[in-house]
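Following: one structure in structure tokens, then a few remarks.
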Amino acid sequence: MIEKTIKSTCSYCGVGCGLIIKKEAKNKVMVEGDPDHPVNRGMLCSKGRNLHYVVNDTSDRLLYPQMRWSRSHPLDRVDWDTALTRAAQVFKSIIKQHGPDSVGFYVSGQCLTEEYYIANKLVKGFLGTNNIDTNSRLCMSSAVVGYKKTFGEDSVPIAYADIELADCFLITGANPAYCHPILFRRLEQHKENNPDVQIIAVDPRRTDTAAFADLHLQLIPGTDIILYNAIGRRLLEQGLVDKDFIDNHTEGFGYYKEQVKKLSLKEAAKLCGVPLADIKKAADIIGVSKGFISMWAMGLNQSVVGTNKNFALLNLSLITGQVGKPGSGPFSLTGQPNAMGGREVGGMANLLAVHKDLMNPDHRREVAQFWGVNEISGKPGYTATEMFEALDSGKLKAVWIICTNPAVSLPDVRRVEKALKNAKFVVVQDISNKSDTLDFADLVLPAAGWLEKEGTMTNSERRISHLPQVVDAPGEARPDVEILCDFAQKMGFRGFKYFNAEEIYQEYCAMTKGTNIDISFLNYDRLKTEGTFQWPVNEYRHTGTPRLFEDKKFYTPSQKAIFNIPSTITNRSIQPDTNYPFILTTGRVRDQWHTMTKTGKVSRLKTHYPTPVVEINPADAFALKIREGDVCEITSENGNVRVKANLTDNVRKGVIFLPMHWGKKLDSDLNRSNNLTQNMVDPQSKEPDFKFTAVHIEKYRKR
Ligand code: SF4
């Protein structure tokens, strides 16, 4: 029997689909797509449709705090007071001995905005260090730098509603058919209704998205900047640019023009491994379109030249003047449900809340004043990979990991394991006992999961939604904000007594007042009764703001958008050689999500792609005497993986693909793609180079 029906938002990807939750007796729920929700209009993908299994099956849940008194002891069950008192004692002692920069927090794009806000207030305001970073660093930090440098702030200018208004899409380094399925469904429907709509896909793999596109540019991995510059050059040569927009609303066009002219289209085609005619065709489609949207995700961002790729792509929107008008704009897709909320509250080691800049002393003073602390340190904190390097080297002594599984998801995971073993104190705050990171914990804190706590999230299009508590958390699991606030009080900090999540939200809203992400006119009551809103929601825009920059006034000092010129057009990854002649690229499969701690427990989600396999081109497989289903050994400078082969033309010759989801607890430590990946990062965004690793592959033979 249904006890209660209530609306919420899907906890997987950044599309942010609306759900109707039907609560049944015994704390069980059913999930349906919300037909009135502006994002999904009732539709759900396979992951969203099966979310109720994740909530109803509590067999994998962490139920009570556990602690070990030394590394040689097993974890013992303790009560919350003992657990948090010990955490505070250890953190105080380490900070006293080694200073505040000897501790760090590593959080997640799955945290709710209130959780992200409190964690940042605690670390940056009160612990006195900026050592707080997030797993969102792994997926979109290059896009953050791209937006900031182009528009003046990290601001996604577009709304999903623009999809139905556009007639040209450049989908690059993204496979929304698998990773943002409902967004892709809207695109499919738009194309079905308007056959003239043109879709260009850029991807080294023939993904489902690429197969659906009108034109697939199957480039050599890492050559994206050359390709976008070549498209830019062709647009210039054909006069398919918006001169008025360039002259009146941008800076730096002259230098851009000089740079793109340095490489001929013919040379570019050769370097990218793409037919010259296809580059011309792509440019001509973009150039004559009335509404041009570019969409991208990890394929661009997860690169050692990720910010340069973002610059080169964003420049295409600027030369065509396709920003701030219906059906146009550059649109980075977020992989996690609240990666955007994290960005808003400054949830990265180099950011401050409400888009304030950590390197700006006035901004630091304003935030310190708001929180009632003397100062915020001006020293940028460790980013995701830096944090684990610092644990490895001993500079960082303690790490508190919330809602993420770095022992599977970070590059070069064997180094991460070594770092965690080397740490003096590791706290893991999570919901599931399937996280490989738990093996390294000195203190395990059971957290409440989705539907078991209240808060807000922001999706890829800046849409804020309220997520109510619907069911009770199992065992002694508690909401993350309660855990963090109790810890803060045990540390002796004032300013962490909140009655509920709403009070935290109100504090954050007050902080946004007068900024470009002002949501001071959006309270919990409006979110609960009126639905979702796109920021800013302020005194001038009560109903939110679907599209930014319609007045062509950008957030830069000159109010003009900036052409940023990539510092290099070539990739800086370690290139293949005779020892490691293949390029490995990693990514997602349709029905799994992240490290599978949630999707991995839903049996029907395992049927589409039951075990990890390596995709290899049949010509390469033939040369290596690898047949379909053969177990292959893949090696890089960092480690090895053993998986079965899948022979497919979907990957280029010389390129292989591995999915990134599988870890030790769910399968085997020989299935982890991140045994192979390099710990290299983009110098500006500090985002890892997951999409390009030089590897060797051969048929596995027992020795
Ligand atoms: Fe959830 Fe994303 Fe699927 Fe929507 S598209 S149901 S948000 S996983």
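Readers should treat all values here as calculations from the given coordinates under stated rules, not as data from a laboratory. The structure displayed is predicted, hence computed values, not measured ones. Don't worry about glycine lacking a Cβ; one is built from the backbone with ideal geometry, like all the others, and counts go over all protein chains shown.
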Fill in the blank from the handout: Computed for the chain: size of charge dipole around the Cα centre, +1 on C-beta of each Lys and Arg, -1 on C-beta of each Asp and Glu, debye to nearest 20, value 1320
Completion exercise
For Thr250, the residues 5 or more places away or on another chain with a placed amide H closer than 5 Å to its own amide H are Ala561
Handout entry: For the stretch 150-230, the Rg and Dmax computed from alpha carbons only, in angstrom
Key = 13.4, 37
Problem - Vicinal HN-Hα couplings computed from phi for the stretch 679-685 (Karplus, 6.51 cos²θ - 1.76 cosθ + 1.60; Hz; Gly/Pro x) - result: 8, 8, 10, 5, x, 8, 8
Exercise for the section: May I ask you to work out the translational diffusion coefficient for the stretch 35-175 at 25 °C, viscosity 0.890 mPa s, via Stokes-Einstein with Rh from the Kirkwood sum over Cα pairs, reported in whole µm²/s? Expected result: 122
Practice task
Might you report the magnitude of the Cβ-based charge dipole of the stretch 2-56 about its Cα centre, with Lys and Arg at +1 and Asp and Glu at -1, to the nearest 20 debye?
Solution key: 140
Problem - Alpha-carbon centroid distance for the pair the stretch 119-149 / the stretch 636-681, whole angstrom - result: 28
Problem - Order of Arg71, Arg414 - criterion: other Cβ atoms within 10 Å of each residue's Cβ, fewest first - result: Arg71, Arg414
Problem - Residues with amide H under 5 Å from that of Leu396, placed H, sequence gap 5 or more - result: Leu391
Exercise for the section: Show the residues, 5+ positions off or on another chain, whose built amide H is closer than 5 Å to the amide H of Arg478. Expected result: Ala447, Ala448
Handout entry: Residue order, fewest to most surrounding Cβ atoms within 10 angstrom, among Ser136, Ser465, Ser72
Key = Ser72, Ser465, Ser136
Problem - Taking N as its residue count, the alpha carbon Rg of the stretch 510-668 over 2.2 N^0.38 Å - result: 1.61
Problem - Derived scalar couplings ³J(HN,Hα) [the stretch 246-253; Karplus, 6.51 cos²θ - 1.76 cosθ + 1.60; whole Hz; x for Gly, Pro] - result: 4, 5, 9, 10, 9, 10, x, 5
Handout entry: C-alpha center-to-center spacing [the stretch 86-107, the stretch 584-623] in angstrom
Key = 39
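Taking 4 °C and 1.567 mPa s as the conditions, I'd like the Stokes-Einstein D for the chain in µm²/s, using the Kirkwood hydrodynamic radius from alpha carbon pairs. Please report the intermediate quantities before stating the final value.
Numbers: Rh = 25.6 Å.
Rounded, D is 51 µm²/s.
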Problem - Per residue convex hull volume, Cα atoms of the stretch 473-561, in Å³ - result: 162
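Can you list the chymotrypsin sites (Phe, Trp or Tyr not before Pro) in the stretch 466-534 that are in a DSSP coil and have 13 or fewer other beta carbons within 10 angstrom?
Listed in order of number, the matching sites are Phe499.
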Handout entry: Where Cα atoms sit under 25 Å apart: lysine pairs in the stretch 1-115 separated by 8 or more or lying on different chains
Key = 14
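Taking 10 °C and 1.306 mPa s as the conditions, I'd like the Stokes-Einstein D for the stretch 618-694 in µm²/s, using the Kirkwood hydrodynamic radius from alpha carbon pairs. Before the final figure, lay out each step's value.
Details: Rh = 13.7 Å.
Result for D is 116 µm²/s.
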Practice task
Grab the DSSP H runs of the chain that are 4 residues or longer, score each as -39,500 (n - 2.57), total them, divide by all residues and round the 222 nm result to the nearest 500 deg cm²/dmol.
Solution key: -8500 deg cm²/dmol
Practice task
Would you kindly derive the ³J(HN,Hα) couplings of the stretch 480-497 from the backbone phi angles with the Karplus curve 6.51 cos²θ - 1.76 cosθ + 1.60 (θ = phi - 60°), listing them in order in whole Hz, with x for Gly and Pro?
Solution key: 4, 5, 5, 4, 5, 5, 5, 4, 4, 5, 5, 6, x, 8, 8, x, 10, 9
Practice task
Of the options Tyr256, Val288, Ile158, report the single residue whose Cα projects farthest towards the positive end of the charge dipole of the chain (beta-carbon charges: Lys, Arg +1; Asp, Glu -1).
Solution key: Tyr256
Completion exercise
Heads up, the stretch 2-56 by the C-alpha gyration tensor (a ≥ b ≥ c square roots of eigenvalues; a/c under 1.5 rounded, else a/b over b/c prolate, else oblate) looks oblate
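Whole-Å semi-axes of the stretch 141-333's equivalent ellipsoid, largest first, each the root of 5 times a Cα gyration tensor eigenvalue?
Gyration-tensor ellipsoid for the stretch 141-333: 22, 19, 17 Å.
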Problem - Pairs of alpha carbons in the stretch 55-114 whose separation is greater than 13 Å (percent) - result: 75
Handout entry: Kirkwood Rh and Cα Rg combined as Rg/Rh, the stretch 219-304
Key = 0.96
Fill in the blank from the handout: Going fewest to most other Cβ atoms within 10 Å around each Cβ, His594, His52, His73 line up as His73, His52, His594
Problem - Within the stretch 131-232: Cβ-based charge dipole about Cα centre, in debye rounded to nearest 20 (Lys, Arg +1; Asp, Glu -1) - result: 320
Exercise for the section: Can you check what the net charge comes to around Leu112, using other residues whose Cβ is under 9 Å from the Cβ of Leu112 (Lys, Arg +1; Asp, Glu -1)? Expected result: -3
